[in-house]
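*Asks:* Pasting a structure here, questions to come.
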Amino acid sequence: MLNLRSDNGVLGGRSARREPATAADLGVGDVIRAVNGQRLDDAQQLRQILAGLKPGDAVVLEVERQSVLQYVAFEME
């Protein structure tokens, strides 16, 4: 059971390794709460947002890791 700061976001796990967001060095248990300021409600929404980005686009993820919020920035490959 996770003690999260809010009820929105997408839980990272093994499937995250197939996503372009691997450049962000996400780990199991990380919760991606937003992409470029857009709040996430489910994994499908995350996939749609990432699919719409082109190589070289800047990406900022709002990530909750061990109850600490942080921003992770990278460029799409």
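*Asks:* Going through segment 22-42 one residue at a time, which ones are in contact (Cβ under 8 Å) with a residue 12 or more places away in the chain and open to solvent by less than 70 Å² (accessible area, probe 1.4 Å)? Spell out how you get there, then give the answer.
*Replies:* Going residue by residue through segment 22-42, those that are in contact (Cβ under 8 Å) with a residue 12 or more places away in the chain are 23-37, 39-42.
ALA23, ALA24, LEU26, GLY27, GLY29, ASP30, VAL31, ILE32, ARG33, ALA34, VAL35, LEU40, listed by residue number.
*Asks:* Which numbered condition trips up GLY56, out of (1) in a strand (DSSP E or B); (2) more than 10 Å from VAL10 (Cβ to Cβ)?
*Replies:* Just one mismatch for GLY56, condition (1).
*Asks:* Report yes if VAL10 is of a type in the set (Val, Ile, Thr), more than 15 Å from GLN66 (Cβ to Cβ), open to solvent by less than 30 Å² (accessible area, probe 1.4 Å) and at pLDDT 80 or above, otherwise no. Steps first, please.
*Replies:* Working: of a type in the set (Val, Ile, Thr): yes; more than 15 Å from GLN66 (Cβ to Cβ): yes; open to solvent by less than 30 Å² (accessible area, probe 1.4 Å): yes; at pLDDT 80 or above: no.
Criteria not met by VAL10.
Conditions (1) more than 10 Å from the chain's Cα centre (by Cα); (2) outside any loop (DSSP other than H, G, I, E, B); (3) at pLDDT below 95, marked per residue:
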{"site": "ARG33", "(1), (2), (3)": "no, yes, yes"}
{"site": "ASP41", "(1), (2), (3)": "yes, no, yes"}
{"site": "LEU46", "(1), (2), (3)": "no, yes, yes"}
{"site": "GLU64", "(1), (2), (3)": "no, yes, yes"}
{"site": "GLN70", "(1), (2), (3)": "yes, yes, yes"}
{"site": "PHE74", "(1), (2), (3)": "yes, yes, yes"}
{"site": "GLU77", "(1), (2), (3)": "yes, no, yes"}
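*Asks:* How about segment 43-72: which of its residues are surrounded by 11 or more Cβ atoms within 10 Å (Cβ to Cβ) and either among the β-branched types (Val, Ile, Thr) or in contact with a helix residue (DSSP H, G or I) (Cβ under 9 Å, 6 or more places away or on another chain) (or both)?
*Replies:* If the condition is that a residue be surrounded by 11 or more Cβ atoms within 10 Å (Cβ to Cβ) and either among the β-branched types (Val, Ile, Thr) or in contact with a helix residue (DSSP H, G or I) (Cβ under 9 Å, 6 or more places away or on another chain) (or both), then ALA43, LEU46, ILE49, LEU50, LEU53, VAL59, VAL60, LEU61, VAL63, VAL72 are the ones that fit.
The values are calculated or read from the model by the stated rules, or taken from the named source; none is laboratory data. As the structure is a prediction and not an experimental result, all values here were calculated from the model. Using ideal geometry, Cβ is built from the backbone for each residue, glycine included, and neighbour counts are taken over all protein chains shown. Note: areas computed on protein heavy atoms with side chains; ligands, DNA, RNA excluded. Shrake-Rupley method; radii C 1.70, N 1.55, O 1.52, S 1.80 Å.
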